[in-house]
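The values are calculated or read from the model by the stated rules, or taken from the named source; none is laboratory data. Since this is a predicted model, take the numbers as computed values, not measurements. When we count neighbours, we look across all protein chains shown, and the Cβ atoms used for this are built from the backbone with ideal geometry, even at glycine. Keep in mind that these areas ignore ligands, DNA and RNA; they rest on the heavy atoms of the full protein, side chains included. Shrake-Rupley method; radii C 1.70, N 1.55, O 1.52, S 1.80 Å.
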2 protein chains.
Amino acid sequence: MIREVRHLLDEKKFAQLRDLLCLQEAADVAQLFEQFPIEELPLMFRILQKDFATDVFVEMDTELQKSLIEAFTDQELFEVFDDLFMDDTVDIIEEMPANVVKRILQHTSAEKRKEINQLLQYKTDSAGTIMTTEFVDLKENMSCEQALDFIRKTGLEKETVYTCYVMDSKRILIGVVTVKDIIMAGNDARIVDIMEKNPVFVYTDDDKEDVMNAITKYDFLAMPVTDREGRLVGIVTIDDAMDVLREEDTEDIEIMAAITPSDKPYFRVGVFETWKNRIPWLMLLMISATFTSKVLTHFENALNSLPILMAFVPQLMDTGGNAGSQASVTVIRGMSLGDIRLRDALRVLWKELRVSLLCAVTLGCINFIKMYLFNDVSRDRFGLGQSLLISLVVCVTISCTVVIAKIVGSMLPMLAKRMGLDPAVMASPFITTIVDILSLLIYFGIAAALLNSVGVVL
Amino acid sequence: MIREVRHLLDEKKFAQLRDLLCLQEAADVAQLFEQFPIEELPLMFRILQKDFATDVFVEMDTELQKSLIEAFTDQELFEVFDDLFMDDTVDIIEEMPANVVKRILQHTSAEKRKEINQLLQYKTDSAGTIMTTEFVDLKENMSCEQALDFIRKTGLEKETVYTCYVMDSKRILIGVVTVKDIIMAGNDARIVDIMEKNPVFVYTDDDKEDVMNAITKYDFLAMPVTDREGRLVGIVTIDDAMDVLREEDTEDIEIMAAITPSDKPYFRVGVFETWKNRIPWLMLLMISATFTSKVLTHFENALNSLPILMAFVPQLMDTGGNAGSQASVTVIRGMSLGDIRLRDALRVLWKELRVSLLCAVTLGCINFIKMYLFNDVSRDRFGLGQSLLISLVVCVTISCTVVIAKIVGSMLPMLAKRMGLDPAVMASPFITTIVDILSLLIYFGIAAALLNSVGVVL
């Protein structure tokens, strides 16, 4: 495909090129454009049929959109943005630098400019920022035939015609009716009789994550958005809800890995910004690891008497960290999906306790056998009895660590949510530090108890 | 709401209860039912109007569905399943134990039973397992008016009427046309003239994740699914694609936390199954941590000469682990979203290198200052000179560790993908082990070099 396009471009066979490209999906053409030098894009763009060109423009990467905007004449700029739906317009404007935004707004109709500014005012991450204003508004006294005619006349400018909205004279949302209902009811039925009164809706300042959850829950194709007085101001369509879903999951994943979320694709976050997103957590966790160091220093005498104890500290800490994050990640995700609610805390604790006991016993036994087979505590140096005892200390500590790790790992996120914090913050790194300290205390405690009892002074 | 329902139930005011419930969304009624004792569900279910009851049934939790099925008479069972769309039927059947499945199939029409069995045959996680067979099939020589009439007659049994499919006499998919196009074109236009020839489609054995990505990419409401000969066999609708999206993200999150994914809500995975999903990785990582132990044992002499070196090992390992997983999680997610492709490996490396250098310098300096201010290496014990030197060893090692961690963390997932493995497997736990070993080697190497040079023998 790229070669074909390259060939037609070089041969200046523009009519043929347009026919070829306009047969493709807009998203594919946008991806194709990314493979060509940026200087050639304005030409390639202008070859496309106008409506299709706008569809391709929406799908393009922000950097390429910026280049194209800079190359557009004022007339071209006006035509493209006049053709765009409001939610796409706002999305693009939000990513552009100030001078580009100024130029776009200068070459938009006054009415559109007013709408854009209204949409830009909405609180970050609210329904208002992802909604679009082009919806089909029917009157309740229309017949289905009249409704279809109306859709026929205005449908081209609407984001979706499949869900239509009925407002009263004050623009209060009073009903929702799908195009399927309209078709199925036959020409003579009246909208007011077939519409769903008391429709589900969201407010402009509701969090976009709640909007996405509602759309997913009810399997809607679009969700009406009203202001606090009940006046319909826009709709959120399911494709935008899917984008929100991806963003929210990415955000959770980043927070669980101790990164400040960035909301942008990997290569669009610069080096300095990436550093800013990662360094606070690295510093915080490096400093909290200091407490772990203090614990080790505290037990320096024990370590001096029996240096071999040191060799197993990494194993303890790694096992504790992994066990803890298995539990925390599972619980965080479960809460995110709505499978686990705050009131389930005791059920979660009971389940994690039993799982941790199973894991603890398995790991303890496997490790004991492994330590014996691989002579980890050299029997030549320590003798069989002491070697087994030290191995026992290590294995019992691992078992205790796993149990503590899973309890801490499952309960901390729920505690965070109870306190109104984002549970994802209580993921691996924090839990690791707490579990490390507890497991070291257990380690040296058990070591002291067991070994003292056989005359080894720690 | 619950109290109202409780009251109406107790007063046996069933007609009122039906009216109240049928005004709600099916998903909300299903959630409501979960709050009531399981014995009361059959009664509450039978109160509902039939079509609505089926909608509620689909939204219910699997355990409750099973209870209801067991309470249903054969006639009720037949009616409910006769009303369900194919994809929902298959979803439910896949979750039921064998005896329940047998009963369901016994009380389904022969035609449906054949379809269900065909759908159950499809490879796990393929398009065939999430598609539905109830789509609108138009003939190319229909006029738009005839098409709307056809939709009117058959639309009730179709999963969606918004995207319609045109097949030739051999059932080969030859075109796609939306209901919007049909309405906009006017009654006399012909389907063959307005349909999109060469439509985008997927095969029955394509991975459901690819199907979901295609639906998201093209913003389709439904994706046609054909067999390898091009015959249309089903469609995947966007709501099912959203479910796949959530599942795939959950799967990625679990794999990155070293858990075998389970595909089921938290409380539906039993204690034993949870243990089975977590223990392989815990064992694997505990055993690989043995190598870290061996490294420490190897440097036992150094530790004996200067035990304080041990105190900072947790800090090193934690910082390395966090730095590494910040990089790996970012790269894995970037690849999952399509922002990073395999050919971007060098770009990723270059970016991570620069970010890691910034982080390394920041952390090294901050830590050096912290160690001095908090007298981590006691100046009373070691003297100013040696204290600063040891602090320098620790900080230089932390800096090197961060750089290595981010390089290893970003490159391993890409290497995994290059080898055809799931990059999410190369997340935190594996990277932690590799980074731990490398950072310990650096630590003792630098310690030996710097301290030997001032006469401290390690």
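Tell me the total accessible area that B and A bury against each other, 1.4 angstrom probe, in square angstrom rounded to 100.
Buried area between the two chains comes out at roughly 11000 Å².
Tell me which aspartates and glutamates have Cα within less than 15 Å of A:K351's Cα, excluding those fewer than 8 residues away on the same chain?
A:D339, B:E273
Do any residues of the stretch A:271-288 lose at least 40 Å² of accessible area when the full set of protein chains is present rather than just their chain alone, and if so which, with a 1.4 Å probe?
By number: A:V271, A:W275, A:R278, A:L282, A:M283, A:M286.
Need the list of aspartates and glutamates near A:K294 for cross-linking: C-alpha distance under 19 angstrom, and skip anything on the same chain fewer than eight residues off.
A:D318, A:D436, B:D318, B:D376, B:D380
What accessible area per residue, rounded to a whole number of Å², is obtained for the protein assembly as shown using a probe radius of 1.4 Å?
Counting only protein heavy atoms, the per-residue value for the protein assembly as shown is 43 Å².
Cα gyration tensor of the stretch B:1-155, axes a ≥ b ≥ c as square roots of the eigenvalues: rounded (a/c below 1.5), prolate (a/b > b/c) or oblate?
Oblate is the answer for the stretch B:1-155, as a/c is 1.5 or above yet b/c matches or exceeds a/b.
Expressed as a whole number of Å, what is the distance separating the alpha-carbon centroids of the stretch B:14-53 and the stretch A:381-446?
The two parts, judged by their Cα centres, are 46 Å apart.
Along Cα→Cβ at 7 Å, what distances in nm separate the A:Q35 label point from those on the other copies, shortest first?
Here the equivalent label points are 5.6 nm apart from this one.
Across the residues of A:334-346, average count of Cβ atoms on other protein chains within 10 Å?
2
Report, ordered by chain and residue number, the lysines lying within cross-link reach of A:K208, taken as a straight Cα distance under 16 Å and ignoring same-chain residues fewer than 8 apart.
Within the straight-line limit of under 16 Å, A:K208 reaches these lysines: A:K123, A:K217.
Report the antiparallel proportion of the DSSP beta bridges in chain B as a percent, rounded to a multiple of 5.
On the way: 16 of 22 bridges.
Rounded to the nearest five, the antiparallel share is 75 percent.
Over the whole of B:239-245, what's the average partner chain Cβ count within 10 Å per residue? Rounded to a whole number, please.
Working: counts 8, 1, 2, 8, 2, 0, 5.
So the per-residue partner count for this stretch is 4.
Scan chain B for the residue whose Cβ is closest to the axis carrying it onto chain A, then write down that distance in whole angstrom.
Nearest residue, distance rounded to whole Å: B:D249, 2.
Heavy-atom accessible area of B:H298 with all protein chains present, probe 1.4 Å, nearest 10 Å²?
140 Å²
Hey, if you put +1 on the Cβ of every Lys and Arg and -1 on every Asp and Glu Cβ in chain A, which of A:A110, A:G324, A:V361 ends up farthest toward the positive end of that dipole?
Value computed over the given set: A:V361.
If a/c stays under 1.5 just call it rounded; otherwise compare a/b with b/c (prolate if a/b is bigger, oblate if not). Do that for the stretch A:133-205, with a ≥ b ≥ c from the square roots of the Cα gyration tensor eigenvalues.
It is oblate, given that a/c is not under 1.5 and a/b is not larger than b/c.
Once every DSSP H run of n ≥ 4 in chain A is given -39500 (n - 2.57) and the sum is divided by its residues, what mean residue ellipticity at 222 nm do you get, rounded to the nearest 500 deg cm²/dmol?
Details: 22 runs with 303 residues, N = 458.
Helix-only estimate at 222 nm: -21500 deg cm²/dmol.
Which distances, shortest first and in nm, link B:G445 to the matching position in the other copies, using label points set 7 Å out along Cα to C-beta?
Going from nearest to farthest copy, the values are 3.9 nm.
Whole number please: convex hull volume per residue of the Cα set in the stretch A:308-458, in Å³?
Taking the convex hull of the Cα positions in the stretch A:308-458, it is 103 Å³ per residue.
Just counting partner chain Cβ atoms within 10 Å, what average do the residues of peptide B:249-257 show around their Cβ?
Mean partner-chain Cβ count within 10 Å for B:249-257: 6.
Only four residue types carry charge here, +1 at the Cβ of Lys and Arg and -1 at the Cβ of Asp and Glu. Report the dipole size of the protein assembly as shown about the Cα centre in Debye, rounded to the nearest 20.
It works out to roughly 3980 debye.
Output the peptides A:260-266, B:436-442, A:314-320, B:143-149 sorted from most to least packed, where packing is the average of other Cβ atoms within 10 Å over each peptide's residues.
A:314-320, B:436-442, B:143-149, A:260-266
Largest first, what is the accessible-area ranking of A:K406, B:K114 with a 1.4 Å probe?
Solvent-accessible surface, decreasing: B:K114, A:K406.
Near the amide H of A:Y203, under 5 Å away, which other amide H atoms are found, from residues 5 or more places off or on another chain, if H is placed in the peptide plane?
A:T226
Step through the table entries A:K153/B:K197; B:K50/B:K153; A:K66/A:K158; B:K13/B:K158, compare each Cα-Cα distance with 23 Å, and write down the pairs that go over it.
Beyond 23 Å: A:K153/B:K197; A:K66/A:K158; B:K13/B:K158.
Where the label is 7 Å out from Cα toward Cβ, how close does B:E140 come to the same position in every other copy, in nm, shortest first?
4.7
Rounded to the nearest 10 degrees, what's the angle between the helix A:110-121 long axis and the longest principal axis of chain A, both from Cα atoms, 0 to 90?
The answer is roughly 10 degrees.
Work out which residues of the stretch B:427-450 lose at minimum 40 square angstrom of accessible surface when the other protein chains are put back, relative to the chain isolated, with a 1.4 angstrom probe, and list them by number.
Buried on complex formation: no residues.
Quick one: Cα centre-to-centre distance for the stretch B:255-329 and the stretch B:121-152, in angstrom?
Comparing the Cα centres of the stretch B:255-329 and the stretch B:121-152, I get a distance of 50 Å.
Please give the charge dipole size of chain A, origin at the Cα centre, charges +1 on K and R Cβ atoms and -1 on D and E Cβ atoms. Round to the nearest 20 debye.
Working: 45 positive and 68 negative charges, 496 e Å.
The calculated dipole for chain A is roughly 2380 debye.
Rounded to a whole number of µm²/s, how large is the Stokes-Einstein D of the protein assembly as shown at 25 °C and 0.890 mPa s, given Rh as the Kirkwood radius over C-alpha pairs?
Diffusion coefficient, whole number: 79 µm²/s.
For chain A, give the percent of accessible area contributed by carbon and sulfur heavy atoms, probe 1.4 Å, rounded to a whole number. Each step should come with its number before you reach the end.
On the way: 10850 of 19540 Å².
Summing carbon and sulfur atoms, their accessible area is 56 percent of the total for chain A.
Please name which of B:S262, B:F57, A:F291 has its Cα lying farthest along the dipole of the protein assembly as shown towards the positive end, using unit charges on Cβ (Lys, Arg +1; Asp, Glu -1) and the Cα centre as origin.
Farthest towards the positive pole: A:F291.
Please report, in debye to the nearest 20, how large the charge dipole of the stretch B:103-256 is about its Cα centre when each Lys and Arg carries +1 at its beta carbon and each Asp and Glu carries -1 there.
880 debye
Relative to the longest principal Cα axis of chain A, at what angle does helix A:428-453 sit, 0 to 90 degrees, rounded to 10?
Computed tilt is about 10 degrees.
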